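What follows is a set of notes on a single structure, which appears directly below.
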Amino acid sequence: MAVLPPGTLLQLMYLRERIAGLPPGRFVEVGPGSGEITCLLLEHGWSGQSFDLDAGTISNLSQRCASEIKRKRFVAINSDFLATPAPAATERVDIIISCMVMEHMDEDAETAFMQASKGWLNEKGLMLGLVPASPAHWGIEDEIAGHYRRYTAASIQALIQENGWHLRHIAGLTFPTSNLLLPISNYLVNKSERGKLRLSALERTKQSGRREVMFKTQFPALLQTVLNRHTLYPLHLLQKACAKSERALVLYFEASPDSTAVVDSKDGN
């Protein structure tokens, strides 16, 4: 089992709690990366499909989730989600989830993503999103990954409302852990991946799901003893206590396209 970065672990711990409150159903994931969220959903009884532009990402995910694919619980698709027709009403899903995807889209594509997602969700469906936050912390990692922006709670709320969605929940994540580690992270990324700045924005986006930076995205197996969700649990409680911080480097949100009453809160509950 791969050793995950502290920030990734904290995001997954928060998402695990949110997923636990939902009855298992069907999902669509856009931009699965290394497959951590995919596996989390499958472990909790969900079934679904993941889309990614990068063939290598889909190949790795297909190998990792081979047993679920064989059991017809999961499909990994090397395709552009925005170019894929929405399913018939009877085939719509319960959640659509994207992690570190929307920041790769220009404004037109971002709007198209919000509108296309409506066509994939059933009448009680939810969008779950994780995006980089705090524009003040724009840096080398945003550049090499092909980002267009970092978000704020206000910009997420505006995006949701402008596209006819309702914000149900929003919280800042990984603060202050990721902020304390950011100078080290920037140094490692600059040293290892600066050459990617020569690539097109599309190619940087494709490669963003398959990064190999020692002590940034990869860690020696020995560090599993300290980098796991049990040892980091105090930091998870801390990130929840700091969920309103505008300096949080990640925002998690849930949104619904329906017209039901909603709770718009930026908290860690």
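No value in this document is a laboratory result; all are computed from the given coordinates. Quantities reported herein were computed from a predicted structural model and do not represent experimental measurements. Neighbour counts are summed over all protein chains in view; Cβ atoms, including those assigned to glycine, are modelled from backbone coordinates with ideal geometry.
Each residue of segment 214-224 was assigned a 3J(HN,Hα) from its phi angle through the Karplus curve 6.51 cos²θ - 1.76 cosθ + 1.60 (θ = phi - 60°); the sequence is 4, 6, 10, 10, 10, 9, x, 4, 4, 6, 4 Hz, with glycine and proline shown as x.
Using Cα pairs under 8 angstrom and six or more residues apart, how large is the relative contact order of segment 120-258, in percent? Contact order relative to length: 53 percent. Annotation: amide H-H contacts under 5 Å for I97 (H modelled 1.01 Å from N, sequence separation of 5 or more, or interchain): V28, E29, V30, L128. The distance between label points at R18 and L40 comes to 0.8 nm (points 7 Å beyond Cα on the Cα→Cβ vector). Each DSSP beta bridge with both residues in the chain is either parallel or antiparallel, and the antiparallel ones are about 35%. Taking P32, P23, P176 in turn, the Gaussian network model of the chain (Cα-Cα springs below 10 Å) assigns the largest fluctuation to P23. Averaging 1/r across all pairs of distinct Cα atoms in the chain and inverting the result yields a Kirkwood radius of 18.9 Å.
Top mean-square fluctuation among A154, A248, A86, Gaussian network model of the chain, C-alpha springs under 10 Å? Of the options given, A154 has the highest mean-square fluctuation.
Students often forget the sequence filter, so: which lysines lie under 16 Å Cα-Cα from K240 once same-chain residues fewer than 8 apart are removed? K240 reaches K266. Once the C-beta distance of S59 and E123 is scaled by a Förster radius of 45 Å, the resulting FRET efficiency is 0.80 to the nearest 0.05. The relative contact order of the chain, computed from alpha carbon pairs under 8 Å that lie at least 6 residues apart in sequence, is 27 percent.
Taking a sphere under 13 Å around the Cβ of E143 and counting the other residues whose Cβ falls inside, with K and R at +1 and D and E at -1, yields a net charge of +2. Given the options E203, E91, E103, state which has the largest fluctuation in a GNM of the chain using a 10 Å cut-off (strictly under) for Cα springs. In the Gaussian network model the winner is E91.
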